[in-house]
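Encoded as structure tokens, the structure appears first; notes follow it.
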Amino acid sequence: MPQDVYTFQDLQRWEDVTKECEPPLRLAVFGDPVAHSASPPMHNAALEKSGIAARYTRLLITPEELVEALRLLPQKGFLGANLTIPHKAAALGCMDRVDEHARRIGAVNTVLVEGSELVGFNTDGPGLVRAVRSEFGVDLRNLRVLVLGAGGGAGRAVAMQCAIEQCERLVLVNRTAEKGVALANELRPLFTGPHVSGPLARVKAIGWEEAELKQQMEQTDLVVNCSSVGMKRSDPSPLPPAALQPHLLVFDTIYTAARTKLMQAADEAGARSANGFSMLLHQGALSFEIWFNREAPVEAMRKALVQFAAARNGS
Ligand code: NAP
């Protein structure tokens, strides 16, 4: 039976440690911590459904171990890997080649092993595009988007995706205001396509203050929460209901609860909302497509994620 989590020391002796595992473990998510990751059940369902003789596991890798652990992947027969907290930015410098999209984002969440080389991709932003379409039936490119927590890794990926999509308008909000300002300055030159929002600034960074947020919401269609506020059960909603309005679509990238605190605030304000479950699903489906060059069995992956979440929540 495969273990739930393996370590760097296990990876160094992979042939011995996993010799009983059938099908062989040839994909993994690297993280620290990683025990909570929902990626193994999701990807194992996809592998099984597709008749691929390989399985996916968790590797607890510290930042100090990351470079060596990535270099071991080709030697140990891995097809690829995913990266989660805190490795996405650091992994960029460990790749032999990096896809243009991941380079722009400055982070890698998917590694493809090609011979002895590592190729880096980022599927978080494209995963959000698919998730917004499936949850709300709209395309990111047509929306005025406000990103809350724009200074973090997920916030940067989402904001960059908005620029790539040439969305109608982008407002960046971050607790540490300078990070939002720096990102707005970086993204502004990328917005070159036509837009219809008149004289309003197309890209803008604002502070995390309720009065200014309320004002910006008038000119916003989609709010994406990329801050980690709401991850812990004891956290408040990152925005109070009074800062939201009924016309808004509210996407919370957090997926640890079925109805996050922000979604509850959206309910109170009469706005539609979704949690980050579908983003997790679609970024995973896109990783699968990179590894196997074939369409991912999304429904099998969704079902496995639902079962995993239900078991985790004890329901
Ligand atoms: P990160 O790089 O550590 O960024 C954390 C962000 O949250 C920063 O913008 C930070 O602001 C902000 N923040 C933290 N505590 C705050 C507080 N008390 N008040 C206001 N802002 C606060 O983390 P990350 O990797 O981007 O992940 C962020 C969230 O995205 C997590 O909840 C994660 O679950 C979610 N996510 C979901 C998916 C998915 O597939 N659904 C994928 C990736 C990430 P400062 O810059 O001021 O520190």
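The values are calculated or read from the model by the stated rules, or taken from the named source; none is laboratory data. Keep in mind it's a predicted model, so treat the numbers as computed, not measured. So basically every Cβ, Gly included, is an ideal-geometry build from the backbone, and we count neighbours across all protein chains shown. Just the protein is used for accessible areas: all its heavy atoms, side chains included, with ligands, DNA and RNA removed. Shrake-Rupley method; radii C 1.70, N 1.55, O 1.52, S 1.80 Å.
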- [ ] Please list, in chain and number order, the residues 5+ apart from Y6 or on another chain whose amide H is under 5 Å from its amide H, with Hs placed from the backbone.
- [x] R58, L59, L60
Task: Average accessible surface area per residue within the stretch 1-113, 1.4 Å rolling probe, Å² - done: 45 Å²
Task: Axial C-alpha extent at least 20 Å, average Kyte-Doolittle at least -0.5 - helices from the chain (DSSP) - done: 277-292, 298-312
Open item on the list: Using a probe radius of 1.4 Å on heavy atoms only, what accessible surface per residue do you get for the stretch 158-315? Whole Å² is fine.
Closed with: 46 Å²
Task: Inter-probe distance in nm under a simple model that places probes 7 Å from Cα toward Cβ, at N142 and E268 - done: 3.1 nm
Task: Loop-located chymotrypsin sites (Phe, Trp or Tyr not before Pro) in the stretch 211-315, at most 14 other Cβ atoms within 10 Å (DSSP) - done: none
Task: Rounded to 5, the percent of DSSP beta bridges in the stretch 86-207 classed as antiparallel - done: 30 percent
Open item on the list: Please compare each pair in K179/K214; K261/K303; K76/K232; K214/K261; K88/K232 to a cut-off of 26 Å on the Cα-Cα distance and tell me which ones are over it.
Closed with: K76/K232
TODO: Once you have the Kirkwood Rh of the chain from its Cα pairs, apply Stokes-Einstein at 4 °C and 1.567 mPa s and quote D in µm²/s.
DONE: 64 µm²/s
- [ ] Compute the signed sum of charges (Lys and Arg +1, Asp and Glu -1) over the other residues within less than 11 Å, Cβ to Cβ, of L60.
- [x] -3
Open item on the list: Below 11 angstrom from the Cβ of R104, what's the summed charge of the other residues (Lys, Arg +1; Asp, Glu -1)?
Closed with: -1
Task: Hypothetical label at H195: residues of the stretch 155-178 whose amide nitrogen lies under 18 Å (7 Å Cα-Cβ projection) - done: 156-174
Task: Local electrostatic count, G153, Cβ distance below 13 Å [Lys/Arg +1, Asp/Glu -1] - done: +2
Open item on the list: Taking C-beta distances below 4.7 angstrom as the pairing criterion, name the unpartnered cysteines of the chain, in sequence order.
Closed with: C21, C94, C226
Task: Shape call, the stretch 185-315: gyration tensor on alpha carbons, a/c limit 1.5 - done: oblate
TODO: Give me the percent of the accessible area of the chain that comes from carbon and sulfur atoms, probe 1.4 Å, all protein chains in place.
DONE: 52 percent
Task: Ratio of Rg to Rh over the stretch 78-201 (Cα coordinates, Kirkwood Rh, two decimals) - done: 1.01
Task: Beta bridge orientation in the chain: antiparallel %, DSSP, nearest 5 - done: 20 percent
Task: Unit charges on C-beta of K, R, D, E only; dipole of the chain, Debye - done: 400 debye
TODO: Sort the stretch 67-146 into rounded, prolate or oblate with this rule: let a ≥ b ≥ c be the square roots of the eigenvalues of the Cα gyration tensor; rounded if a/c is under 1.5, and if a/c is not under 1.5, prolate when a/b is larger than b/c, oblate otherwise.
DONE: prolate
Task: the stretch 17-167: antiparallel DSSP beta bridges as a percent of all, rounded to 5 - done: 40 percent
- [ ] May I ask you to evaluate 6.51 cos²θ - 1.76 cosθ + 1.60, the Karplus curve with θ = phi - 60°, for each residue of the stretch 194-199 and list the ³J(HN,Hα) values in order in whole Hz, giving x for glycine and proline?
- [x] x, 8, 10, 7, x, x
Open item on the list: Suppose we look only past 18 Å in the calculated P(r) of the stretch 1-67. What percent of the Cα-Cα pairs does that tail hold?
Closed with: 35 percent
Task: Placed amide H near V98: partners under 5 Å, 5+ positions off or other chain - done: G120
